Amino acid sequence: MMTIPLPRPSFRPLPPIAATLALACVLLWFALPVVTLDMTEFLTPWFDHIVASGPIAAFATPFGNYTPAYLYLLAAVAPFAGLIAAPLLIKLVSLAGTAALALAVRHLLIRLEAPQPNRAAALVLVLPSALINAGLLGQCDAIWAAPCIMALTAAVDRKHLVMLAWCGLALGIKVQALLFAPFFIALLINRRVPLRFWPIAPLVAAATMLPAWAAGWAAWDLATVYFRQAGTYPALALNAPNLWQVVEALPWIGALPLSGLALATALGATAAYIAWFSTRRLDGRALLAPALLAPLLSAGLLPHMHERYFFLADILTLVIALTLRDRSSWRVAAMVQSASLLGLFGYLSGLDAMAMIGAILMIAATIRVARPLVRPFANDNPLLARA
């Protein structure tokens with residue numbers, strides 16, 4: 001009797017959600033007790049101010065160099081300060097943001113018709129850079145990345161007003177959301193979204209600051225918070241695995257003022273990006289590679305970037321790999337994740353060489369993503385297009 005061979009699946013089964021969560025818990029068991037320099041110098045003093053002044057009265061005077069949206073979340077858990085140590089409470093807020101990010105990724109994977117969206121999204125919880133960001137450093141990058149992913153989902157659904165609202169929320173949480181802005185600007189031009197809708201994003205961002213203003217925080221200080229953040233660190237690169245990490249290490253560069261050159265390079269690349277993708281096909285899965293390229297270019301070329309600023313690129317490469325399930329997309333995800341980890345390890349260890357090695361990997365990954373996007377392609381997967 002003749003048998004008909006069944007086609008083999010093009011992807012490997014993912015680990016069960018329970019196993020993924022168990023692994024995350026084990027890793028967090030070791031990470032949560034660690035208190036880093038950022039926690040002691042910035043996050044914990046802000047939290048202590050909220051506890052001492054009260055969740056509402058704390059906002060009567062400016063404190064911290066983050067936007068109030070994140071500080072509201074710290075205020076929400078302040079009543080538990082007597083029961084749980086401050087560093088752990090701060091990390092729990094960040095871990096809740098990571099869970100929200102996983103749900104946002106699940107929503108996007110469903111829209112992209114990716115296989116096993118529930119199990120796939122659970123992998124966000126064990127992604128090394130996400131675990132280090134929230135569980136070890138207590139940072140809140142997942143909290144602004146989640147609305148960025150929701151904005152991308154709205155773009156897939158062609159719900160542009162919803163997309164702009166999510167963009168505004170992300171920007172209201174942290175200025176790093178601007179690293180994703182070139183993609184959405186190109187998309188708005190590409191799809192001819194009326195200009196009268198564009199202010200939705202900045203208006204939503206401004207609305208997140210209204211509670212602090214109502215509590216007494218000076219309006220001018222709120223309006224200039226992003227400008228003050230930009231001038232906090234003068235170094236050209238702060239363990240960010242990008243081009244300037246390598247340039248700054250060259251012996252003949254010395255103390256040359258390269259910030260202007262770096263900014264001009266980033267702005268030129270952004271203008272070229274917007275001009276190119278405002279005329280390209282941007283629908284469905286064809287949105288993914290251009291979306292990934294935006295934060296890769298922005299964080300890769302802007303000055304004063306930190307080791308954490310490729311966080312959104314980490315998430316997007318994982319989304320692409322989980323959607324396409326092939327070697328090329330997994331290879332890019334591994335390169336970007338490894339580069340981010342080297343930047344983080346460089347920050348934690350004080351070894352700049354680690355961030356420089358990461359920069360080489362990140363530059364290679366950026367070129368790999370960009371190369372097929374600058375030539376015509378016939379399929380819906382520009383990341384994997386071949387010559």
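For the stretch 21-62, how many residues are farther than 19 Å from SER94 by Cβ and under 25 Å from the mean Cα position of the chain (by Cα)?
Within the stretch 21-62, residues that are farther than 19 Å from SER94 by Cβ and under 25 Å from the mean Cα position of the chain (by Cα) number 1.
Tell me yes or no: at least one residue of the stretch 338-352 is at pLDDT 95 or above, open to solvent by 20 Å² or more (accessible area, probe 1.4 Å), under 29 Å from LEU137 (Cβ atoms) and hydroxyl-bearing (Ser, Thr, Tyr).
Scanning the stretch 338-352 turns up at least one residue that is at pLDDT 95 or above, open to solvent by 20 Å² or more (accessible area, probe 1.4 Å), under 29 Å from LEU137 (Cβ atoms) and hydroxyl-bearing (Ser, Thr, Tyr).
Could you list, ordered by first residue, the pairs with Cβ atoms under 6 Å in which the first is in the stretch 315-341 and aliphatic (A, V, I, L, M) and the second is assigned to a loop (DSSP other than H, G, I, E, B), at least 6 apart or interchain?
LEU322/ALA114; ALA339/PRO241
Any residue in the stretch 344-354 that is more than 26 Å from GLY97 (Cα to Cα) and not in a helix (DSSP H, G or I)?
Yes: the stretch 344-354 contains one or more residues that are more than 26 Å from GLY97 (Cα to Cα) and not in a helix (DSSP H, G or I).
Report every pair of residues separated by at least 6 positions or lying on different chains whose Cβ atoms are under 7 Å apart, first residue within the stretch 126-155 and assigned to a loop (DSSP other than H, G, I, E, B), second among the aromatic types (Phe, Trp, Tyr).
Within 7 Å, the pairs are CYS140/TYR70.
Answer with yes or no whether ARG308 is over 30 Å from PHE345 (Cα atoms) and either at pLDDT 95 or above or not in a helix (DSSP H, G or I) (or both).
Criteria not met by ARG308.
Test ARG327 against the stated conditions and say whether it is farther than 25 Å from ALA237 by Cβ and either at pLDDT below 95 or of a type in the set (D, E, K, R) (or both).
Answer is yes for this residue.
Condition check: under 30 Å from ILE320 (Cα atoms) and within 20 Å of the chain's Cα centre (by Cα). Does LEU71 satisfy that?
no
Among the listed residues LEU74, LEU27, which satisfies the condition of being surrounded by 16 or more Cβ atoms within 10 Å (Cβ to Cβ) and at pLDDT below 90?
On inspection, the qualifying residue turns out to be LEU27.
Which residues, counting only those in the stretch 91-142, are more than 14 Å from PHE311 (Cβ to Cβ), of a type in the set (D, E, K, R) and open to solvent by less than 30 Å² (accessible area, probe 1.4 Å)?
LYS91
Please go through the stretch 16-36 and pick out each residue that is part of a helix (DSSP H, G or I) and in contact (Cβ under 8 Å) with a residue 12 or more places away in the chain.
Listed by number, the residues that qualify are ILE17, THR20, LEU21, LEU23, ALA24, LEU27, LEU28, ALA31.
The values are calculated or read from the model by the stated rules, or taken from the named source; none is laboratory data. Here the structure is a predicted model, which is why all the values come from computation and not from measurement. Methodologically, a virtual Cβ is constructed for each residue, glycine included, from the backbone with ideal geometry; neighbour enumeration extends over all protein chains shown. Surface accessibility is based on the protein's heavy atoms, side chains included, excluding ligands, DNA and RNA. Shrake-Rupley method; radii C 1.70, N 1.55, O 1.52, S 1.80 Å.
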